[in-house]
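The values are calculated or read from the model by the stated rules, or taken from the named source; none is laboratory data. Model, not experiment: these values are computed from the prediction. Here the Cβ positions follow ideal geometry from the backbone for every residue, glycine too, while neighbour counts run over all protein chains shown.
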Amino acid sequence: MSAVVTIIGNLGNEPEARMLASGANVTDISVAVNLGKDKQPNWYKCSIFGKSGEYAANNLHKGSKVAVTGRLVANESNGKTYLNVTAYEVQSLSKQQTAESDDDFVPF
């Protein structure tokens with residue numbers, strides 16, 4: 001049994017799209033979740049597959065506010081445990097700018 005999580009935060013870098021040897025598309029993002037004033041954020045590495053990953057690669061940018069839902073996966077390396085999210089849903093929470101006006105936005 002695996003843990004399902006939803007994290008809300010901001011992208012710390014540009015999405016990185018790549019293709020696996022099997023031909024599947026995957027996009028990797030890093031999401032910072034702020035814990036409050038004077039505290040360091042928690043960082044999560046997220047892998048997004050398929051069309052959701054393609055959308056993320058083409059439409060999300062560093063600083064974008066997102067909600068990511070997926071399966072929590074623990075990986076060990078050099079004696080440390082790293083938590084990653086295999087995402088199955090990504091939602092943009094940032095305002096979308098339109099060509100007509102900077103004040104108008106269309107929610108994703």
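A few comments on the model shown:
- Among the residues making up the stretch 5-28, those that are over 25 Å from GLN40 (Cβ atoms), aliphatic (A, V, I, L, M) and in contact (Cβ under 8 Å) with a residue 24 or more places away in the chain are ALA17, ALA24, VAL26.
- Given (1) surrounded by fewer than 15 Cβ atoms within 10 Å (Cβ to Cβ); (2) of a type outside the set (S, T, N, Q); (3) closer than 12 Å to SER92 by Cα, number of the condition ALA56 does not satisfy: (1)
- Top-ranked residue in the stretch 1-33 [being assigned to a loop (DSSP other than H, G, I, E, B) and either touching a helix residue (DSSP H, G or I) at 6+ places or on another chain (Cβ under 9 Å) or charged (D, E, K, R) (or both); ranked as surrounded by the fewest Cβ atoms within 10 Å (Cβ to Cβ)]: ALA24
- Residue list for the stretch 11-54, filter: within 11 Å of the chain's Cα centre (by Cα) and more than 17 Å from ASN84 (Cβ to Cβ): GLU14
- Just so you know, in the stretch 77-97 the residues that are among the aliphatic types (A, V, I, L, M) and surrounded by 14 or more Cβ atoms within 10 Å (Cβ to Cβ) include one that is farthest from PHE49 (Cα to Cα), and it is LEU83.
- Odd one out for ALA21 among (1) touching a strand residue (DSSP E or B) at 6+ places or on another chain (Cβ under 9 Å); (2) on the phi < 0 side of the Ramachandran plot: (1)
- For the stretch 86-108, the criterion of a residue being within 27 Å of ALA24 (Cα to Cα), assigned to a loop (DSSP other than H, G, I, E, B) and either charged (D, E, K, R) or at pLDDT 90 or above (or both) is satisfied by at least one position.
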